[in-house]
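Here is the structure we will look at, set down as structure tokens.
The values are calculated or read from the model by the stated rules, or taken from the named source; none is laboratory data. All values derive from a computational prediction rather than experimental measurement. Here the Cβ positions follow ideal geometry from the backbone for every residue, glycine too, while neighbour counts run over all protein chains shown. For the accessible areas, the whole protein counts, side chains as well, though only heavy atoms, and no ligand, DNA or RNA atoms are used. Shrake-Rupley method; radii C 1.70, N 1.55, O 1.52, S 1.80 Å.
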Amino acid sequence: MILADFLKALGQLPDPRFRRVLWLGIGLTIALLVAAYAGVLWLIDALASEPITLPWVGQITWIGDLLGWGSLGLMLLLSVFLMIPVASAITSFFLEDVAEAVEAVHYPALPPVARTSFWDGMRDTVSFLGLMLIANLLAFTLYALFPPFAPLIFYAMNGFLLGREYFQVAAMRREGRAGAKALRRRHAPTIWIAGILMALPLSVPLLNLFVPILGAATFTHLYHRLRTGRGGPVPVASG
């Protein structure tokens, strides 16, 4: 059923309204990654701009160039980790637009709801980013203690966190904060699995550019399916 939700999101790609949000999301994702890449280049330039003198070798002047060229590969590798918080940040900017586009096509009987205020969305995003950063920093201890299980720990933890946030934001539009939280707890295993399935392609460079927006659409479908217990919409009072 989670796959069906994702296929519905893919099936809406021809929709101009949905495609507009998708390209805006990809553009913002690239901008965030480029900003991070520029920061790495600046750090390399600051640390390796001066020649290094080694015994019996003499001056080495090409380390900065080598690190500069290698940083592109490094950023592709870092995008595996960077895309998790980037995907989280995208929700605050585009979830409302994605949900409205999805509901206009698949759930037209639903009444309109008031948009979440910018500051409410930003507050949730900042608090979640803080939680995600702390959790991932603490996870490095587990990676060091259990190296063979590091990938499992990474995907299980970030899948839980991503599923938690994406579902909460998608459901909060119609259920309110408390209602979304209760629904999320009631369907925690399903949401966790959906989060893991979202985390997996986020770790694939280039493919991960498309995941935040498609993930927002998938979780919008998931919310409606879990709320009704069968996948069809039921009119819900706003608020």
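Under the condition of being among the small types (Gly, Ala, Ser) and touching a residue at least 24 places away in the same chain (Cβ under 8 Å), the residues counted in the stretch 163-199 number 7. Taken over the stretch 111-121, the criterion of being surrounded by 13 or more Cβ atoms within 10 Å (Cβ to Cβ) and at pLDDT 75 or above is satisfied by Val113, Arg115.
Are any of the residues in the stretch 5-28 in contact with a Lys or Arg (Cβ under 8 Å, 6 or more places away or on another chain) and at pLDDT 70 or above? Reasoning before the result, please.
To start, the set of residues in the stretch 5-28 that are in contact with a Lys or Arg (Cβ under 8 Å, 6 or more places away or on another chain) comprises 5, 13.
Narrowing the set further to residues that are at pLDDT 70 or above leaves 5, 13.
Yes, that holds for at least one residue.
Answer yes or no as to whether Phe160 is touching a residue at least 24 places away in the same chain (Cβ under 8 Å) and under 16 Å from Ile90 (Cβ atoms). Spelling it out, it is not the case that Phe160 is touching a residue at least 24 places away in the same chain (Cβ under 8 Å) and under 16 Å from Ile90 (Cβ atoms). Figure legend. Inter-residue proximity from the stretch 115-134: first residues touching a residue at least 24 places away in the same chain (Cβ under 8 Å) and in a helix (DSSP H, G or I), second residues among the acidic types (Asp, Glu) and open to solvent by less than 60 Å² (accessible area, probe 1.4 Å), beta-carbon distance below 7 Å, spacing 6+ or different chains. Indicated pairs: Phe128/Glu165. At positive phi, modelled with pLDDT of 85 or more and not β-branched (Val, Ile, Thr): does that describe Gly231? No; evaluated as a whole, the condition is false for this residue.
Tell me, which residue of the stretch 173-190 that is open to solvent by less than 40 Å² (accessible area, probe 1.4 Å) and more than 24 Å from Thr29 (Cα to Cα) is modelled with the lowest pLDDT?
Gly176
Out of the residues in the stretch 134-161 meeting the condition of being closer than 21 Å to Leu197 by Cα and exposed (fewer than 13 other Cβ atoms within 10 Å of the Cβ), tell me which one is farthest from the chain's Cα centre (by Cα). The residue in question is Pro148.
Which of the following residues is touching a residue at least 24 places away in the same chain (Cβ under 8 Å) and more than 15 Å from the chain's Cα centre (by Cα): Leu202, Leu222? Can you show your working first?
Values: Leu202 fails: more than 15 Å from the chain's Cα centre (by Cα).
That would be Leu222, the only listed residue that is touching a residue at least 24 places away in the same chain (Cβ under 8 Å) and more than 15 Å from the chain's Cα centre (by Cα).
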